[in-house]
1. Given only helices, namely DSSP H runs of n ≥ 4 each adding -39500 (n - 2.57), what is the per-residue ellipticity at 222 nm of the chain, to the nearest 500 deg cm²/dmol?
2. FRET efficiency for LYS54 and SER90, Cβ-Cβ distance as r, R0 = 22 Å, nearest 0.05?
3. For the chain, what is the charge dipole size about the Cα centre, in debye to the nearest 20, if Lys and Arg each add +1 at the Cβ and Asp and Glu each add -1 at the Cβ?
4. Using DSSP to define loop residues, name the trypsin sites (Lys or Arg not before Pro) in the stretch 7-62 whose beta-carbon has at most 10 other beta-carbon atoms within 10 Å.
5. Nearest 10 degrees is fine. How inclined is helix 13-25 to the longest principal axis of the chain, computing both from alpha carbons?
6. Please give the net charge around VAL70, taking every other residue with its beta carbon less than 15 angstrom from that of VAL70, where Lys and Arg add +1 and Asp and Glu add -1.
7. Looking at VAL37, VAL70, GLY80, which one has the Cα that reaches farthest to the positive end of the dipole of the stretch 28-94 (charges on Cβ: Lys, Arg +1; Asp, Glu -1)?
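Please treat every number below as a calculation from the coordinates, not as lab data. Please read these numbers as outputs of a predicted model, since none were measured by experiment. Cβ sites come from the backbone with ideal geometry, for glycine too, and all protein chains shown count toward neighbours.
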Amino acid sequence: MSTICGTDFYDTRSVWVDTITNYFSMRERQHIEPLEVRVTALTPNLALMTSEEKGEMALKSGANIKSKHVFTMIWKKEQGGWKILHSHESWMDEQVK
């Protein structure tokens, strides 16, 4: 498994998990409001999911961030359940008023 986030490449799962853990540790709280979630069956064992959310984060530094967040995922049904084959997310920060 590998991950690309922005322009950074993570070649192991543990490095990626550590990075995400650090991102979440900087947050005081977070609220995500789903606006739309769509699931399209591509085959009996393959599905495309797209979603759009409104997010608000309060960081421990005192900063507040509002953003629009969208993502797509390809899911594959395996013997042990549904697994994510591919995930992509994007967000655009909004100015806090």
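1. Per the formula, -4000 deg cm²/dmol.
2. Between LYS54 and SER90 the formula returns 0.95.
3. So the dipole magnitude of the chain works out to roughly 200 debye.
4. Filter output for the stretch 7-62: LYS60.
5. It is inclined by approximately 40 degrees.
6. Combined, the nearby Lys, Arg, Asp and Glu give -3.
7. GLY80
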